[in-house]
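This report concerns only the one structure given below.
The values are calculated or read from the model by the stated rules, or taken from the named source; none is laboratory data. Bear in mind that the values here come from a model prediction, so they are computed numbers and not experimental data. Note: ideal-geometry Cβ built from the backbone for every residue, glycine included; neighbour counts use all protein chains shown.
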Amino acid sequence: MSIPAMPVFVDVKLREVQESGRLEYRSRSLPTWCPGCGYFSIVEGVTHACNEMGISRDQSVVVSGIGCASRFPFFVNLYGFHTLHGRVLPVATGIKTANDRLTVIGIGGDGDGFAIGGGHISHAAKRNVDITYLLFDNGIYGLTKGQTSPLSAVGLRTTTTPFENPERPLNPLMMLLSYGASWVGQAYAGHPDHLREMITQAVAHRGFSYLHILSPCVTFDKTSKTYVNLGLQVRNLPENHDPSNLMAAMHQAQDMDHPALGLYYQQFRPTLGDTFEQVSAKAGGHGT
Ligand SMILES: Cc1ncc(C[n+]2csc(CCOP(=O)(O)OP(=O)(O)O)c2C)c(N)n1
Ligand code: SF4
């Protein structure tokens, strides 16, 4: 039996990826997500960022919680830690504390981050631990077959809210800005070029960077955070937005009906690793 020739467009795409060097960061396991899931763009974004920045595979770790989003470490060729539900940030903080030279990327869904893991975000942000946290927001629990999450829209019908979700969603960008995250941005899986750029910037930032990624769950949400709806709702931050202005960032974050994409806020201040160095200098009698 002859094997049918690979369609030309697949061949061209594969060659493009191989030539770019990005294949080095892709694992041999193909993602097991549903066709059309927004998460595919995020794998592309992370491999692109690693390639752009020349990140060394043996000096980087991806830490994830539990959920569809959290399968991520299997699909990239970096060290990975698929940890407990909601425990991405404590584990990522521990890894970075043990070896400050590593590039550490935390990954998780909106349920993982803002339900069971919600208590950890504020501490990682205030400590300014030098890691990147990529939050995949599909507004639902995908892995467990479609329950409401703390970021589900009002009125969403799910298995846990068959008579419509009565609760308002949390505002994650406002939370991160007030917690003291030193880099806060938003991207959309349906705009993959912009997404790649934002992931690269987030990883490059020295300090706690939080990238909120809007990403449709094509299987369990047919009415709310869909490609059609998000495509109509998202906008860019105003051209004159000043990322050093916290109040301006909060003002933009308040508009959840028209989520703005881009870098909301960036601040440069000592990281947790810097603080440890100061403490050890003081303990050794060298500091003031
Ligand atoms: C301690 C604990 N509680 C509950 C669960 C069940 N559980 C697995 S994934 C998940 C939610 C996943 O939703 P989200 O983080 O939004 O990720 P998605 O699947 O949408 O990517 C839950 C509640 C679990 N695995 N462990
Ligand atoms: S269930 Fe939803 S989030 Fe999970 S892989 Fe499928 S489309 Fe993606």
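Out of all the residues in segment 192-206, is one or more within 16 Å of ligand 1 (Cβ to nearest atom) and of a type outside the set (A, V, I, L, M, F, W, C)?
Within segment 192-206, none of the residues are within 16 Å of ligand 1 (Cβ to nearest atom) and of a type outside the set (A, V, I, L, M, F, W, C).
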Item to check | Cross-chain or 6+ apart pairs with Cβ under 8 Å, segment 65-82 first and among the aliphatic types (A, V, I, L, M), then part of a helix (DSSP H, G or I) and near ligand 2 (Cβ under 10 Å from one of its atoms) | outcome: A69/Y39
Checklist entry - Do you know which residues across segment 58-74 are surrounded by fewer than 24 Cβ atoms within 10 Å (Cβ to Cβ), of a type outside the set (D, E, K, R), within 14 Å of ligand 2 (Cβ to nearest atom) and under 18 Å from R28 (Cβ atoms)? => result F74
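Does segment 170-188 hold any residues that are among the polar types (S, T, N, Q) and surrounded by 24 or more Cβ atoms within 10 Å (Cβ to Cβ), and which are they?
Q186
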Checklist outcome for this item: Among the residues of segment 85-108, the number that are within 14 Å of ligand 1 (Cβ to nearest atom), outside any helix (DSSP H, G or I) and under 14 Å from T132 (Cα atoms) is 3
Item to check | Residue list for segment 145-173, filter: of a type in the set (A, V, I, L, M) and either within 9 Å of ligand 1 (Cβ to nearest atom) or under 16 Å from the mean Cα position of the chain (by Cα) (or both) | outcome: L151, L173
Next on the checklist: Please verify whether L134 is under 22 Å from H82 (Cα atoms), among the aliphatic types (A, V, I, L, M) and outside any helix (DSSP H, G or I), treating the condition exactly as stated.
Outcome noted: yes
Next on the checklist: Every residue in segment 33-84 that is among the hydroxyl-bearing types (S, T, Y), within 14 Å of ligand 1 (Cβ to nearest atom) and assigned to a loop (DSSP other than H, G, I, E, B), please.
Outcome noted: T83
Checklist entry - How many residues are of a type in the set (S, T, Y) and either out of contact with any strand residue (DSSP E or B) (no Cβ under 7 Å at 6 or more places or on another chain) or assigned to a loop (DSSP other than H, G, I, E, B) (or both) if we restrict to segment 247-288? => result 4
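Would you confirm, using the coordinates I've provided, whether T200 is assigned to a helix (DSSP H, G or I) and of a type in the set (S, T, N, Q)?
When the stated conditions are applied, T200 passes them.
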Item to check | Residue check for G142: within 12 Å of ligand 1 (Cβ to nearest atom), of a type outside the set (V, I, T) and either within 15 Å of the chain's Cα centre (by Cα) or surrounded by 17 or more Cβ atoms within 10 Å (Cβ to Cβ) (or both) | outcome: yes
Next on the checklist: Of the residues R196, R127, only one is charged (D, E, K, R), at pLDDT 95 or above and touching an Asp or Glu at 6+ places or on another chain (Cβ under 9 Å); which?
Outcome noted: R196
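To keep it simple, each residue is scored yes or no on (1) modelled with pLDDT under 95; (2) surrounded by 17 or more Cβ atoms within 10 Å (Cβ to Cβ); (3) of a type in the set (S, T, N, Q).
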| position | (1), (2), (3) |
| --- | --- |
| T200 | no, yes, yes |
| L214 | no, yes, no |
| K225 | no, yes, no |
| H241 | no, yes, no |
| L261 | no, yes, no |
| F276 | yes, no, no |
| A281 | yes, no, no |
